[in-house]
Amino acid sequence: MEKYTSVHDVPDVTALLNEALQCKKTPWEWENLGKHKTLGLLFFNPSLRTRMSTQKAASHLGLQIISMNIDKDGWKIETEEGVIMDGDKAEHIKEAAGVISQYCDILGVRSFPGLINKQMDYQDEVLQNFIKYASVPVLSLESAIRHPLQSLADLMTIEEHKQTDRPKVVLTWAPHPKPLPQAVGNSFAEWMNQADVDLVITCPEGYELDSQFTGNATITHNQNEALEGADFVYAKNWSSTASYGQVINTDRSWTISKEKMALTNQGKFMHCLPVRRNMVVTDDVLDSPASLVLEQANNRTYSAQAVLKRLIK
Amino acid sequence: MEKYTSVHDVPDVTALLNEALQCKKTPWEWENLGKHKTLGLLFFNPSLRTRMSTQKAASHLGLQIISMNIDKDGWKIETEEGVIMDGDKAEHIKEAAGVISQYCDILGVRSFPGLINKQMDYQDEVLQNFIKYASVPVLSLESAIRHPLQSLADLMTIEEHKQTDRPKVVLTWAPHPKPLPQAVGNSFAEWMNQADVDLVITCPEGYELDSQFTGNATITHNQNEALEGADFVYAKNWSSTASYGQVINTDRSWTISKEKMALTNQGKFMHCLPVRRNMVVTDDVLDSPASLVLEQANNRTYSAQAVLKRLIK
Amino acid sequence: MEKYTSVHDVPDVTALLNEALQCKKTPWEWENLGKHKTLGLLFFNPSLRTRMSTQKAASHLGLQIISMNIDKDGWKIETEEGVIMDGDKAEHIKEAAGVISQYCDILGVRSFPGLINKQMDYQDEVLQNFIKYASVPVLSLESAIRHPLQSLADLMTIEEHKQTDRPKVVLTWAPHPKPLPQAVGNSFAEWMNQADVDLVITCPEGYELDSQFTGNATITHNQNEALEGADFVYAKNWSSTASYGQVINTDRSWTISKEKMALTNQGKFMHCLPVRRNMVVTDDVLDSPASLVLEQANNRTYSAQAVLKRLIK
């Protein structure tokens, strides 16, 4: 693999999934693979799980790590071409990417959307410009529109917990007080389209995800109907797509509760974390044995390790 | 040891003290002990000595380190149970602790008090909740009410510099422009109660430390009387306990000066640092050979190393 | 070497240059040299290249790294002597330097000027106080008035690209929207005075660098005249020296453009980065083969490595 930004960069999803599951079994098996190599981690936005799990994965492979909160510890970055840089941005992404490529063998980048202008966000400017100007493989640590390390960890978790060959997986919108990116939802849908599952997506009107991600999924505004017989319930908030980046619905009847889970086929509950308790999901569901959220977070280490293994080569 | 939050977690204080002194002699003797293990360091508050000395200690033991300024680099953490998370806190401590436990083998946590509500602070909520929800040993890097790595380093310093079997140790309040936690004072008193010393504590009215920490110490509001014949003078500011968290006294006659030190038995001066010069202590004392502040800071590396050694096992 | 703060700390500039070029050829040749040793990196200001390249250099030498954004992650530092510390600065540099020296074997410090008071800035207080109170070798990661790791990397780059034994090197001021330090300009001039080059410095009136740095250089306010026949054009903005720390000239005719470069002897373009595109230099120059900016940044790793190698001993 040359880069890791979406499922479309993965030539063989099942092989990568198996590689990640193998990393979980024998994490230290390749601890000399990264010798004398450096992984650069650039954060334009906060990160807990991604930061820690990717560092853990890198240590399993013997990679050196250089981590930066680039906007805070470095300089503000310009992404536009041809601009006269007389504002507050001190460095152009051309130089930033070119320079950092010389210090690192692999580059991870996290950059959230602005949630103001859909078209701009969906061009995924920061990540795409790093790819354009970097001379080393680039890895998304969550971009404006996708979170592929999370999605691979989610796929691992479903693989480990599924009871049938082709489970029913429901991705459901859930309420949240603040506008959030659509990246996790987009990315999960995109990956599920490559997996052997029945994917149903449910959300209120105005929250429909872009069809480039939802593909062949069944889409409905009726959450209860969607949840019927579900094997996995993946809850996630995202901001409106119609009124882009806004919170146009705070209806708490969308919160995943015990009553909602009773509609499922003894379904498992999934969320990428961090999760707002009693907004997105009630305590009794999150604290029940049906919740897989810690397993998902744990799998982040091994999804990152499998991806880094491929990018090292 | 399962955790390290106070002297009460230590089954044998003298043995731990000796272990720390041994670490100082042969720091690299156990450099493979931490192989393939990761120490997570979570900072809710600033840290210089603790951050650097604990990293140094971890490197002596071959531990990997993942360090986070959790509120700045990650998400704001909710600690209350049953709350509807519709405010500014994006992640509950249940998930944070559970997730981070999967990436780390030992977890260090620094969290200062709010200094608004004594009862809340003295429940030591952040640290206790990390212990409750983490699945790995937790280590205090200074909590709302105690600073046990500092206290062990202080005990080492007294052991190295005492001239008599049972020295007189005076913990004295000193003035400071801003309200500070009571953690260092509490913790020092608590540890001295377990050591072979005569402990005297002196402070202005309204600054009396909680008896759960001061134990059998002699307590007086007369600083000069307290200092008479002292072998060690441990100066420290803390905010009022009576008018909780407030500065109700700025009397500079409490500042430790050469005249004050003349009352002692050629006493040594101690402070945990950072110290406000000419508020807490005058330049001539701090810059004199009687000052042990750098020795105390140096011992932080070895107190941390001894504790980490035990927690690894 | 005992410290690395300017070219005057280097007994043999050519030998250090050759050592840096050798590090570039065989970076891992000395990877056990730093075993059991720790490099502390203290940042009072933002840093991208310096942060990453110095970490990379340290890893080549097997040094442990402890990195701190000291004002943000630690405490505000007082540098004045004899002051009553009742303001917002919690720790004196005497203690900070003394303490950190005990955790580190080499100490790197970055501290920019205030650009308010020239006399104060030019005393280079933070760096000089670290040297005064530290008990280990100190390394400048850019101080108020010099940037010697950058200058050594620049010297390497000129050495690698020069076509004649004694090239003509032009240091030219260039416009910028904000007031910047004079450190890079000062330091570059100072190093070029030690090298086998013809140094010409050109800047608008009121921007003349201090003669302690410019030495024997030819100085002119006529940029076009200066550029004639140049082999290397080093562009850099700095704030006014006459109206200290202010922007008194924003004349974009000083921007380095293709037309300006046409005056040179097929000159190479240099800049330390980050660079404001179309303010300091136009896109067509920066994106042309004549630009050496990425090479300069790459050489930062090896200039740092050569310096660290010497300071370890």
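Exactly one residue among A:Leu107, A:Leu155 is out of contact with any Lys or Arg (no Cβ under 7 Å at 6 or more places or on another chain), open to solvent by less than 20 Å² (accessible area, probe 1.4 Å) and closer than 22 Å to B:Asp73 by Cα, and that residue is A:Leu107. Number of residues in segment B:263-310 that are hydroxyl-bearing (Ser, Thr, Tyr) and over 25 Å from B:Lys56 (Cβ atoms): the value is 3. When you look at C:Lys89, is it more than 23 Å from the chain's Cα centre (by Cα), basic (Lys, Arg) and surrounded by fewer than 16 Cβ atoms within 10 Å (Cβ to Cβ), yes or no? No; evaluated as a whole, the condition is false for this residue. Considering each residue of segment A:191-201 in turn, at least one proves to be among the charged types (D, E, K, R) and either within 27 Å of A:Met1 (Cβ to Cβ) or open to solvent by less than 10 Å² (accessible area, probe 1.4 Å) (or both).
To keep it simple, each residue is scored yes or no on (1) in contact with a strand residue (DSSP E or B) (Cβ under 8 Å, 6 or more places away or on another chain); (2) in the same structural domain as B:Gly62 (by TED's automatic domain parsing); (3) open to solvent by less than 50 Å² (accessible area, probe 1.4 Å); (4) within 11 Å of B:Arg310 (Cβ to Cβ).
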| position | (1), (2), (3), (4) |
| --- | --- |
| B:Val7 | no, yes, yes, no |
| B:Val10 | yes, yes, yes, yes |
| B:Thr14 | no, yes, no, no |
| B:Leu21 | no, yes, yes, no |
| B:Pro27 | no, yes, yes, no |
| B:Leu33 | no, yes, no, yes |
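Scanning segment B:23-33 for residues that are in contact (Cβ under 8 Å) with a residue 40 or more places away in the chain and farther than 17 Å from B:Ala297 by Cα gives B:Trp30, B:Leu33. Among the residues of segment A:45-65, those identified as of a type in the set (A, V, I, L, M, F, W, C) and over 14 Å from A:Leu139 (Cβ atoms) are A:Leu48, A:Met52. Residue count for segment C:262-280 satisfying the condition of being facing another protein chain (nearest Cβ under 10 Å) and open to solvent by 20 Å² or more (accessible area, probe 1.4 Å): 2. For the criterion of being farther than 21 Å from A:Met1 by Cβ, open to solvent by 10 Å² or more (accessible area, probe 1.4 Å) and more than 14 Å from chain C (Cβ to nearest Cβ), A:Pro177 passes. Taken over segment A:113-160, the residue count meeting the criterion of being under 18 Å from A:Gly40 (Cα atoms), in contact with an Asp or Glu (Cβ under 6 Å, 6 or more places away or on another chain) and among the hydrophobic types (A, V, I, L, M, F, W, C) is 1.
Scanning segment B:205-217 for residues that are open to solvent by 20 Å² or more (accessible area, probe 1.4 Å) and over 21 Å from the mean Cα position of the chain (by Cα) yields a single hit, B:Glu205.
Is segment A:171-191 home to any residue that is part of a strand (DSSP E or B), at negative phi and not aromatic (Phe, Trp, Tyr)? Yes: one or more hits.
Selection of helices (runs of 4 or more DSSP H) fully inside segment C:82-145 by the criterion of at least 2 residues being hydroxyl-bearing (Ser, Thr, Tyr) returns C:93-103. The residue of segment C:59-74 that is farthest from the other protein chains (Cβ to nearest Cβ), among those that are assigned to a loop (DSSP other than H, G, I, E, B) and buried (at least 21 other Cβ atoms within 10 Å of the Cβ), is C:Leu61.
Please verify whether B:Thr26 is within 21 Å of the chain's Cα centre (by Cα) and either of a type in the set (Lys, Arg) or under 25 Å from B:Glu295 (Cβ atoms) (or both), treating the condition exactly as stated. Judged against the criteria, B:Thr26 is not a match.
Conditions (1) out of contact with any strand residue (DSSP E or B) (no Cβ under 6 Å at 6 or more places or on another chain); (2) more than 14 Å from chain B (Cβ to nearest Cβ), marked per residue:
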site	(1), (2)
A:Ser211	yes, yes
A:Asn224	yes, yes
A:Ser253	yes, yes
A:Lys260	yes, yes
A:Thr282	yes, no
A:Leu292	no, no
A:Glu295	yes, no
A:Asn299	yes, no
A:Lys313	yes, yes
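Against the conditions (1) within 14 Å of the chain's Cα centre (by Cα); (2) surrounded by 22 or more Cβ atoms within 10 Å (Cβ to Cβ), A:Asn129 satisfies every one except (1).
In segment C:85-108, the qualifying residues are those that are closer than 17 Å to B:Val281 by Cβ and in contact with a helix residue (DSSP H, G or I) (Cβ under 6 Å, 6 or more places away or on another chain), and the one that is farthest from the other protein chains (Cβ to nearest Cβ) is C:Ile93. So, in segment B:41-53, of the ones that are touching a helix residue (DSSP H, G or I) at 6+ places or on another chain (Cβ under 6 Å) and more than 7 Å from chain C (Cβ to nearest Cβ), which residue ends up surrounded by the most Cβ atoms within 10 Å (Cβ to Cβ)? That would be B:Leu42. Listed by first and then second residue, the pairs with beta-carbon distance under 7 Å, at least 6 apart or on different chains, first residue in segment A:190-217 and free of Cβ contacts under 8 Å to residues at least 24 places away in the same chain, second polar (S, T, N, Q) and open to solvent by 50 Å² or more (accessible area, probe 1.4 Å), are A:Asn216/A:Asn193.
Checking segment B:93-101 against the condition returns a match, with at least one residue being over 14 Å from B:Phe43 (Cβ atoms), assigned by TED's automatic domain parsing to the domain that holds B:Leu41, crowded, with 19+ Cβ neighbours inside 10 Å and acidic (Asp, Glu). When B:Lys56 is tested against (1) outside any helix (DSSP H, G or I); (2) more than 10 Å from chain A (Cβ to nearest Cβ), only condition (1) is not met. Taking residues in segment C:236-247 that are open to solvent by less than 20 Å² (accessible area, probe 1.4 Å), and partners anywhere that are acidic (Asp, Glu) and part of a loop (DSSP other than H, G, I, E, B), the pairs with Cβ atoms closer than 8 Å and at least 6 places apart or on different chains are C:Thr241/C:Glu208; C:Thr241/C:Asp210. Tell me which of these B:Thr38 doesn't satisfy, since it passes every other one: (1) more than 9 Å from chain A (Cβ to nearest Cβ); (2) hydroxyl-bearing (Ser, Thr, Tyr); (3) open to solvent by less than 20 Å² (accessible area, probe 1.4 Å); (4) in contact with a strand residue (DSSP E or B) (Cβ under 7 Å, 6 or more places away or on another chain). Just one mismatch for B:Thr38, condition (1). A:Pro137 falls short on exactly one of the conditions (1) in contact (Cβ under 8 Å) with a residue 60 or more places away in the chain; (2) open to solvent by 50 Å² or more (accessible area, probe 1.4 Å); (3) touching a Lys or Arg at 6+ places or on another chain (Cβ under 6 Å), and that condition is (2).
The values are calculated or read from the model by the stated rules, or taken from the named source; none is laboratory data. Just so it is clear, the structure is predicted and the values come from calculations on it, not from any experiment. All Cβ positions, even for glycine, are placed from backbone atoms using ideal geometry, and neighbour counts span all protein chains on display. Note: accessible area is taken over every heavy atom of the protein model, side chains too, but ligands, DNA and RNA are not part of it. Shrake-Rupley method; radii C 1.70, N 1.55, O 1.52, S 1.80 Å.
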